[in-house]
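The values are calculated or read from the model by the stated rules, or taken from the named source; none is laboratory data. Since we're looking at a predicted model, the values are computed, not measured. As a convention, Cβ positions derive from the backbone with ideal geometry for all residues, glycine included, and neighbour counts pool all protein chains shown.
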């Protein structure tokens with residue numbers, strides 16, 4: 001009985017103790033290590049057959065500064081350094097990566113060195129949205145809704161929001177038209193009721 005009890009106590013102490021840090025890993029020591037940064041990862045060496053090796057292109061990924069350091073990546077010392085992030089993401093975006101295109105659009109919308117360019121952001125969002133990025137479709141819809149970088153167009157905004165939500169089928173459009181017709185009918189009924197009420201109060 002005492003052997004079983006000591007085993008349970010030993011297991012409880014073992015479970016309560018922190019796990020050792022694996023070799024090569026370091027602990028998060030500063031809150032800045034938890035910031036999400038644009039991390040330029042080192043090139044991966046790939047093998048092509050037995051005797052040929054090549055370095056794959058470097059990729060930019062959003063991750064914590066801590067993880068970026070663990071993976072041997074580079075990032076701007078100041079997470080708000082959008083010029084560095086723009087340079088890092090642009091090559092990947094021009095290679096056709098839809099999420100990278102969206103990130104370039106977000107950087108231009110926020111502004112590089114204090115200068116936002118909503119029209120350029122809209123161009124990048126459109127490229128990413130047409131390539132299938134739902135975030136870019138939502139961002140482009142927001143620009144149309146607010147009239148930033150594009151002419152204000154609520155119908156275009158709604159179309160991009162619907163596309164981002166996956167509502168692009170004909171049945172969805174029919175349902176939307178029916179809702180709009182009912183809203184128009186409701187507004188007309190309210191106007192008639194107000195007119196009748198005003199007539200009664202005379």
Given (1) farther than 20 Å from residue 156 by Cβ; (2) in a helix (DSSP H, G or I), number of the condition residue 62 does not satisfy:
(2)
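Any idea which of 118, 85 is assigned by TED's automatic domain parsing to the domain that holds residue 139 and touching a strand residue (DSSP E or B) at 6+ places or on another chain (Cβ under 6 Å)? Break it down stepwise before answering.
On the way: 118 fails: touching a strand residue (DSSP E or B) at 6+ places or on another chain (Cβ under 6 Å).
Testing whether each residue is assigned by TED's automatic domain parsing to the domain that holds residue 139 and touching a strand residue (DSSP E or B) at 6+ places or on another chain (Cβ under 6 Å) leaves just 85.
Could you count how many residues in the range 114-123 are farther than 21 Å from residue 92 by Cβ and either under 19 Å from the mean Cα position of the chain (by Cα) or outside any helix (DSSP H, G or I) (or both)?
Let us first name the residues in the range 114-123 that are farther than 21 Å from residue 92 by Cβ, namely 114-116, 118-119.
Filter once more, so that each one left must be either under 19 Å from the mean Cα position of the chain (by Cα) or outside any helix (DSSP H, G or I) (or both): 114-116, 118.
Number of matching residues: 4.
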Looking at (1) at pLDDT 85 or above; (2) surrounded by fewer than 17 Cβ atoms within 10 Å (Cβ to Cβ), can you tell me which one residue 81 breaks?
(1)
For residue 148, which of the numbered conditions (1) in contact (Cβ under 8 Å) with a residue 24 or more places away in the chain; (2) in a helix (DSSP H, G or I) fails to hold?
(2)
Which listed residue, of 72, 105, 96, is modelled with pLDDT of 80 or more, under 25 Å from residue 134 (Cβ atoms) and surrounded by fewer than 15 Cβ atoms within 10 Å (Cβ to Cβ):
96
So residue 63 clears everything in (1) surrounded by 11 or more Cβ atoms within 10 Å (Cβ to Cβ); (2) assigned by TED's automatic domain parsing to the domain that holds residue 36; (3) farther than 16 Å from residue 36 by Cα except one condition, right? Which one?
(3)
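A quick yes/no check of all residues on (1) in a loop (DSSP other than H, G, I, E, B); (2) under 16 Å from residue 60 (Cβ atoms); (3) touching a helix residue (DSSP H, G or I) at 6+ places or on another chain (Cβ under 8 Å):
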residue	(1), (2), (3)
83	no, yes, no
86	no, yes, yes
93	no, yes, yes
96	yes, yes, no
125	no, no, yes
129	no, no, yes
132	yes, no, yes
135	no, yes, yes
139	no, no, yes
